[in-house]
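A short write-up of the structure that comes next.
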């Protein structure tokens, strides 16, 4: 003889599933604040929709040294612009946020002394300008020899910018990558001295 037993949990077991679920902003609920310890210096990923901080205080026209093989970008002190003229490039750094709330600095080449700018960088500057008011996606188009700029058509919320000012973002981004002396190991290596 087989006996079947059915166990039913009492309705008042004390579990309110809705009250136990973490919300989407659970970090705030738990009293946690994300610390920004890394700020990438790079162009946006081809699949990222981005926004550019429209406040002019969050961009900087400067000279950068780009080591393409190592994919490293160095900020160069103004006093070294003349001695390193053949190695540095005039660029604008714009503050960018993507949908995943990652903040980065996007370096875009500025026009040379002749006022000319290639189509890659001209289209990047246009994309950065558009991204001040709209979510955009920037993708390389090899046939066009420039970037395609796609504007989001959905209703995407405004980006959440960090509480840090631009100088703080810059310090984090270029920590260990600021050249302020000709004795810097990168300058020594470029000069064949190291």
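The values are calculated or read from the model by the stated rules, or taken from the named source; none is laboratory data. Given the structure is predicted, the values throughout are model-derived calculations rather than measurements. We place every Cβ from the backbone using ideal geometry, glycine too, and count neighbours over all the protein chains shown.
Structure data summary
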{"read-out": "Residue match in the stretch 165-187 (condition: in contact with a helix residue (DSSP H, G or I) (Cβ under 7 Å, 6 or more places away or on another chain) and in a strand (DSSP E or B))", "value": "yes"}
{"read-out": "Residues that are within 17 Å of residue 61 (Cβ to Cβ), out of contact with any strand residue (DSSP E or B) (no Cβ under 9 Å at 6 or more places or on another chain) and modelled with pLDDT of 95 or more, drawn from the stretch 113-147", "value": "none"}
{"read-out": "Unmet requirement for residue 147, which otherwise passes all of (1) over 20 Å from residue 98 (Cβ atoms); (2) surrounded by 13 or more Cβ atoms within 10 Å (Cβ to Cβ)", "value": "(1)"}
{"read-out": "Number of the exception - residue 117 against (1) in contact with a helix residue (DSSP H, G or I) (Cβ under 8 Å, 6 or more places away or on another chain); (2) crowded, with 19+ Cβ neighbours inside 10 Å", "value": "(2)"}
{"read-out": "Matching option when the condition is surrounded by 13 or more Cβ atoms within 10 Å (Cβ to Cβ) and over 15 Å from residue 128 (Cα atoms), among 60, 93, 84", "value": "84"}
{"read-out": "Residue tally, condition under 27 Å from residue 187 (Cα atoms) and assigned to a loop (DSSP other than H, G, I, E, B), over the stretch 81-102", "value": "7"}
{"read-out": "Residue, modelled with the highest pLDDT, within the stretch 2-56, restricted to residues that are loosely packed, with under 10 Cβ neighbours inside 10 Å and assigned to a helix (DSSP H, G or I)", "value": "56"}
{"read-out": "Test result for residue 105, under 10 Å from the mean Cα position of the chain (by Cα) and either farther than 30 Å from residue 191 by Cβ or surrounded by 11 or more Cβ atoms within 10 Å (Cβ to Cβ) (or both)", "value": "yes"}
{"read-out": "Test: residue in the stretch 72-82 that is without any contact (Cβ under 8 Å) to a residue 40 or more places away in the chain and either in contact with a strand residue (DSSP E or B) (Cβ under 7 Å, 6 or more places away or on another chain) or closer than 12 Å to residue 107 by Cβ (or both)", "value": "yes"}
{"read-out": "Cross-chain or 6+ apart pairs with Cβ under 9 Å, the stretch 165-193 first and within 14 Å of residue 103 (Cα to Cα), then modelled with pLDDT under 90 and surrounded by 13 or more Cβ atoms within 10 Å (Cβ to Cβ)", "value": "168/36; 169/36; 172/36"}
